[in-house]
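Below: the structure, in structure tokens.
The values are calculated or read from the model by the stated rules, or taken from the named source; none is laboratory data. In this text, all values refer to a predicted model and were calculated from it rather than measured experimentally. So basically every Cβ, Gly included, is an ideal-geometry build from the backbone, and we count neighbours across all protein chains shown. Heads up: the accessible areas ignore ligands, DNA and RNA and are worked out on the full protein's heavy atoms, side chains in. Shrake-Rupley method; radii C 1.70, N 1.55, O 1.52, S 1.80 Å.
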Amino acid sequence: MTQQASNADLDKPEKIMWQGRFITTKRKGRWEFVARARGIRAAVIMAIVENDVLLVEQYRVPLGRNCIELPAGLIGDEDASEDPLIAAGRELEEETGYRAAKLIDLGEYFSSPGMVSESYTLVKAEGLEQVGPGGGVEGENITVHRVPLDQLDTFIAQQRALGKAVDGKLLIFLGAHAISSALKSD
């Protein structure tokens, strides 16, 4: 595909097809996509305690089942000017019960750019201390998993066997192992 063909919809007007409190469906030229409403973004947290990664599990309505994920949450759902690191610290503590001494912004990434314009800030949490049980705020039913990094692939396989979904962001940790395993099978 040429550069010109891939940008055919670049100058087309963007139309809101439907808007809810948290998401908006839009059309721009031939493309239909979903966006976060009101400039809301997300923070995704890589939290490692000793040699264990903190994961959360919660029911996800669009999937119809529980999903294993990195801790994450919305930025700006209450205050549009909210700092991503402050949101990440709050969400980490609410979801996992751990507080970070230091939070590092690792950049902006996009979830599924062919269908969703949503971005997230990837945050590394350092100096973790458990200060509570986690589990989320009222109305959330989050299970915290502390998984040894060297057993993560086994844990994920076990969770899949139980019918749980796995968030693609876990490839951050599984990626090198998955690539290495794929190369060995050739």
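Restrict the check to the stretch 111-122 and report whether at least one residue is surrounded by 13 or more Cβ atoms within 10 Å (Cβ to Cβ) and more than 30 Å from Ile16 (Cβ to Cβ).
no
Identify, by number, the condition in (1) in a strand (DSSP E or B); (2) modelled with pLDDT under 95; (3) farther than 22 Å from Glu108 by Cα; (4) touching a Gly at 6+ places or on another chain (Cβ under 8 Å) that Gln58 doesn't meet.
The failed condition is (2).
I need the full set of residues from the stretch 45-61 which are open to solvent by 50 Å² or more (accessible area, probe 1.4 Å), more than 16 Å from Leu171 (Cα to Cα) and touching a residue at least 12 places away in the same chain (Cβ under 8 Å), in order please.
Asn51, Tyr59, Arg60
Each row is one residue, and each column tells you yes or no for (1) open to solvent by 70 Å² or more (accessible area, probe 1.4 Å); (2) in contact with a Pro (Cβ under 8 Å, 6 or more places away or on another chain); (3) at pLDDT 95 or above.
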site	(1), (2), (3)
Gln130	yes, no, yes
Gly136	no, no, no
Val147	no, no, yes
Gln151	yes, no, no
Gly163	no, no, yes
Gly168	no, no, no
Ile172	yes, no, no
Ala178	no, no, no
Leu183	yes, no, no
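For the stretch 20-32, give me the residue count where each residue is surrounded by 12 or more Cβ atoms within 10 Å (Cβ to Cβ), touching a strand residue (DSSP E or B) at 6+ places or on another chain (Cβ under 8 Å) and not basic (Lys, Arg).
Qualifying residue count, the stretch 20-32: 4.
Is it the case that some residue within the stretch 33-44 is assigned to a loop (DSSP other than H, G, I, E, B), open to solvent by less than 20 Å² (accessible area, probe 1.4 Å) and touching a Phe, Trp or Tyr at 6+ places or on another chain (Cβ under 6 Å)?
No, the stretch 33-44 contains no residue that is assigned to a loop (DSSP other than H, G, I, E, B), open to solvent by less than 20 Å² (accessible area, probe 1.4 Å) and touching a Phe, Trp or Tyr at 6+ places or on another chain (Cβ under 6 Å).
Residue by residue through the stretch 13-34, note down the ones that are among the basic types (Lys, Arg) and modelled with pLDDT under 90.
The answer is Arg21, Arg30.
With the stretch 62-155 as the region, which strands (runs of 3 or more DSSP E) entirely inside it contain at least 2 residues that are touching a residue at least 60 places away in the same chain (Cβ under 8 Å) and on the phi > 0 side of the Ramachandran plot?
none
Could you check Leu106 against (1) farther than 17 Å from Phe173 by Cβ; (2) open to solvent by 40 Å² or more (accessible area, probe 1.4 Å) and say which number it fails?
(1)
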